[in-house]
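J.: The structure's right below; bear with me while I get my questions together.
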Amino acid sequence: MRVKNFFFSVGLVFVTGCMGFQLSAQTKMPPGWQSSYVKITPEGELNYLPDAEGNIIPDFSRVGYHHGNKGLPHFTASVYVTPVDGDNWANIQAAIDKVAALPLDSEGHRGVVRLARGVYPLSKTIVINTDGVVLQGEGSNVDETRLVATTRERYPLIRIAGQGNREEIPGTRVHLTDAFVPVGVHSFHVSDASGFKPGDRVILYRPGTQEWIHDIKMDQIVERQGTRQWTAREYNLAFEREVTAVDGDCVHIDNPVVMQMSDKYGGGELYKYTFDGRISEVGVRDLCLDSEFDDYEDTKHGWIGVQLDKAENCWVDNVTGFHLGYACVSCERNAKNITVRNCRCLSPKSVITGGLRYAFNNIGQQNLFINCQSREGRHDYVTGSQVCGPNVFHNCTATQSYADIGPHHRWAVGTLYDNIVTDGEINVQDRGKMGSGHGWAGVTQVLWNCHAGRVAVQSPWASGKNYSIGTKGKRYAGVFTDRPDGEWEGENETNVFPRSLYLAQLMARKKADLKHFIK
């Protein structure tokens with residue numbers, strides 16, 4: 001009991017400290033405003049109110065490096081590198097390859113390449129394609145460890161990527177037997193659960209159907225030159241999950257369902273998978289990633305600071321991107337459980353137009369962007385098409401923004417924008433014919449305690465809702481004003497409680513895990 005009470009006290013100090021709220025009899029503060037969708041009970045538990053279909057705002061806490069269960073690691077250097085005259089690519093790549101040849105330790109770590117303070121011109125991309133390699137500098141300011149792209153073409157300065165592809169294990173696919181699976185649940189029934197056990201990596205598969213495309217009106221996009229109507233085969237969504245328990249024909253998974261699954265739209269399936277070439281335990285930290293450029297609108301120079309793909313349980317920490325054309329950090333389709341922390345994307349150089357200046361870009365799964373900054377971006381914190389969540393952007397800022405933050409196009413699923421502050425816009429909407437037919441940008445998109453110059457939140461005609469909870473800023477209807485409105489609560493509230501949904505969910509989960517351990 002003493003351990004339980006101690007943890008509860010520590011948890012409340014941490015969470016409420018972040019929320020600016022003190023549960024103390026002596027404290028005379030006005031009560032915080034609480035959403036009707038998620039409340040904190042007097043016992044410190046999170047209580048979720050379901051809608052008529054049983055959907056709730058999902059738990060976003062199992063994102064980032066090892067689902068938030070481990071802190072980012074620190075290791076001593078294995079190889080030291082100092083700047084040389086001219087191109088430094090070969091020197092750094094050789095050091096990385098040397099560490100990559102070392103054996104893995106029990107934590108999946110090989111070693112650290114430590115770059116001393118100085119300037120390192122790079123003619124091409126540094127590649128890390130092996131587990132357990134860390135690239136670390138001595139600071140992220142321009143006068144500390146600075147890597148500079150020098151070639152006049154678009155390329156990432158650092159690319160972290162494994163090999164291969166995600167592969168279905170033959171004979172493991174089963175059908176979901178529930179007629180309807182709501183958003184937020186962690187379990188469902190299947191036709192045969194005998195082949196599954198805790199620890200299995202599985203795909204929760206939600207097929208695209210033409211009836212669904214028609215009901216959300218994405219086969220009816222008003223056309224202009226280049227517009228593509230949506231087709232069902234493009235929207236077969238594969239959510240990566242892990243089995244936590246099997247109870248009869250009921251399978252429990254680690255991360256929640258973030259999009260409704262129903263017989264009306266093809267139901268769902270579950271199957272096991274492998275991804276043998278995907279790498280893990282790779283980190284980049286304490287670097288300034290810069291690029292030479294010809295002029296303010298130059299589009300042929302260093303493009304991305306750190307690009308990740310076919311990688312999981314990796315991190316980018318305390319990295320500054322200067323003068324890049326596209327992004328400081330970009331998580332591609334097969335990047336999973338990545339933490340991007342304390343990073344900055346400043347003064348990008350490119351034309352201010354479509355496809356450019358996506359400061360922190362994500363199309364992967366279960367990724368966390370936390371405590372980041374963007375200046376002069378377009379889409380500062382953004383997801384792409386068919387993005388399978390959950391994913392989280394937490395406590396991030398954007399200034400001098402030229403466009404909007406949010407899901408950009410073609411159905412991102414399950415994103416939390418938590419305590420995002422921008423002088424630009426945050427939009428969750430049907431983008432219709434914009435681009436080549438962007439259409440509905442996403443579903444189960446949650447804005448929590450954000451602050452923007454202008455905000456639009458719409459919900460699609462079918463398959464779920466989008467939420468604006470405690471948003472501060474000017475509300476407007478969106479580009480197309482006849483779309484269904486999203487779920488709005490607490491507009492311009494100044495004392496939203498909990499102040500951070502992500503932190504509250506994380507601490508509630510850790511408290512629950514400890515209670516289970518004590519039992």
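The values are calculated or read from the model by the stated rules, or taken from the named source; none is laboratory data. Quick caveat: nothing in here was measured; it's all calculated off a predicted structure. Positions of Cβ are backbone-derived with ideal geometry, glycine not excepted, and every protein chain shown enters the neighbour counts. The accessibility values were calculated without ligands, DNA or RNA, using every heavy atom of the protein model including side chains. Shrake-Rupley method; radii C 1.70, N 1.55, O 1.52, S 1.80 Å.
J.: Using the Cα centre as the reference, give the magnitude of the dipole from point charges on the C-beta atoms of the stretch 80-154 (Lys, Arg: +1; Asp, Glu: -1; all else neutral), rounded to the nearest 20 debye.
T.: 180
J.: Quick one: accessible surface of K197, probe radius 1.4 Å, all protein chains present, in square angstrom to the nearest 10.
T.: Using a 1.4 Å probe on the heavy atoms, I get roughly 120 Å².
J.: At a temperature of 37 °C and a viscosity of 0.692 mPa s, determine how fast the stretch 69-209 diffuses translationally according to Stokes-Einstein, using the Kirkwood radius over alpha-carbon pairs as Rh; express D in µm²/s, rounded to the nearest whole number.
T.: Calculated translational D: 171 µm²/s.
J.: Report, in debye and to the nearest 20, how large the dipole of the stretch 225-340 comes out about its Cα centre when Lys and Arg carry +1 and Asp and Glu carry -1 on their Cβ.
T.: Here the size comes out at about 480 debye.
J.: N91 label point, 7 Å along Cα→Cβ, cut-off 20 Å on backbone N: hits in the stretch 114-131?
T.: 114-128
J.: Take the Cα of E491, step 7 Å along the line toward its Cβ, and report every residue of the stretch 455-469 whose backbone nitrogen sits under 18 Å from that point.
T.: Within reach of a label on E491: 455-459, 466-469.
J.: Continuing with this model, one more query. Skip the ligands, DNA and RNA, and give the accessible area per residue of the chain with a 1.4 Å probe, whole Å². Don't jump to the answer; show the numbers that get you there.
T.: Details: 20220 Å² over 519 residues.
Per-residue value: 39 Å².
J.: Using a 7 Å offset from the Cα along the Cα-to-Cβ direction at both A477 and S123, what is the distance between the two label points in nm, to one decimal?
T.: Computed distance between label sites A477 and S123 equals 5.8 nm.
J.: How much of M507 can a 1.4 Å solvent probe reach, expressed as accessible area in Å² and rounded to 10?
T.: The accessible area comes out at roughly 30 Å².
J.: Dividing the Cα radius of gyration by the Kirkwood radius, what Rg/Rh value follows for the stretch 293-423? Mind showing how you got there, number by number?
T.: On the way: Rg = 13.2 Å, Rh = 14.1 Å.
Dividing the radius of gyration by the Kirkwood radius yields 0.94.
J.: If you don't mind, there's one more thing I want to ask. Which length gain, in nm to one decimal place, applies between R152 and E43 when the Cα-Cα distance is subtracted from 0.36 nm times their residue separation?
T.: Fully extending the segment from R152 to E43 adds 33.3 nm.
J.: Continuing with this model, one more query. Placing +1 at every Lys and Arg Cβ and -1 at every Asp and Glu Cβ, with all other atoms neutral, what dipole size does the stretch 120-246 have around its Cα centre, in debye to the nearest 20?
T.: 380
J.: Still on this structure, please answer the following. Going down the list K70/K300; K310/K349; K217/K349; K39/K217; K124/K272, which pairs span over 30 Å between their C-alpha atoms?
T.: K70/K300; K217/K349; K39/K217; K124/K272
J.: Specify which residue in the list P407, L147, P31 is farthest towards the positive end of the charge dipole of the chain, using unit charges on the beta carbon of Lys, Arg (+1) and Asp, Glu (-1), about the Cα centre.
T.: Checking the options against the dipole of the chain, the answer is P31.
J.: Using a 1.4 angstrom probe on heavy atoms only, work out the carbon and sulfur share of the accessible area of the chain in %.
T.: On the way: 10150 of 20220 Å².
Answer for the chain is 50 percent, counting heavy atoms of protein chains only.
J.: Apply the Debye scattering formula to the stretch 194-338, with a single equal point scatterer on each alpha-carbon and no solvent, then give log10 I(q)/I(0) at q = 0.12, 0.16, 0.18, 0.21 Å⁻¹.
T.: Treating every Cα as an identical point scatterer, log10 I(q)/I(0) equals -0.79, -1.03, -1.08, -1.17.
J.: Now for a separate question. Can you pull the one-decimal nm distance between simple spin-label points at E292 and Y273, each 7 Å off the Cα toward Cβ?
T.: According to this spin-label approximation, the distance is 4.2 nm.
J.: Please work out the Cα center distance from the stretch 114-155 to the stretch 168-192, rounded to the nearest Å.
T.: Centre-to-centre distance over Cα atoms comes out at 44 Å.
J.: Compute the distance in nm between two label points, each set 7 Å from the Cα along the Cα-to-Cβ direction, one at A77 and one at Q229.
T.: Going from the A77 label point to the Q229 one covers 6.1 nm.
J.: What percent of all Cα-Cα pairs in the chain falls in each 10 Å bin, counting up from 0?
T.: 4, 19, 28, 27, 17, 5, 0
J.: Over the stretch 242-361, what relative contact order in percent results from Cα pairs under 8 Å that are six or more residues apart?
T.: Working: 235 pairs, mean separation 25.6, N = 120.
Value for the stretch 242-361: 21 percent.
J.: Please identify which residues in the stretch 47-85 have an amide N closer than 20 Å to a label point set 7 Å out from the Cα of R201, following the Cα→Cβ vector.
T.: Hits in the stretch 47-85 for R201 at 20 Å: 62-70.
J.: A further question follows. Suppose R0 equals 30 Å. What FRET efficiency, 1/(1 + (r/R0)^6) with r the Cβ-Cβ distance, do V84 and N371 give to the nearest 0.05?
T.: Result of the calculation: an efficiency of 0.35.
J.: Compute the length gained on full extension between T353 and D219: take 0.36 nm times their separation in residues and subtract their Cα-Cα distance, giving the result in nm to one decimal.
T.: 45.6 nm
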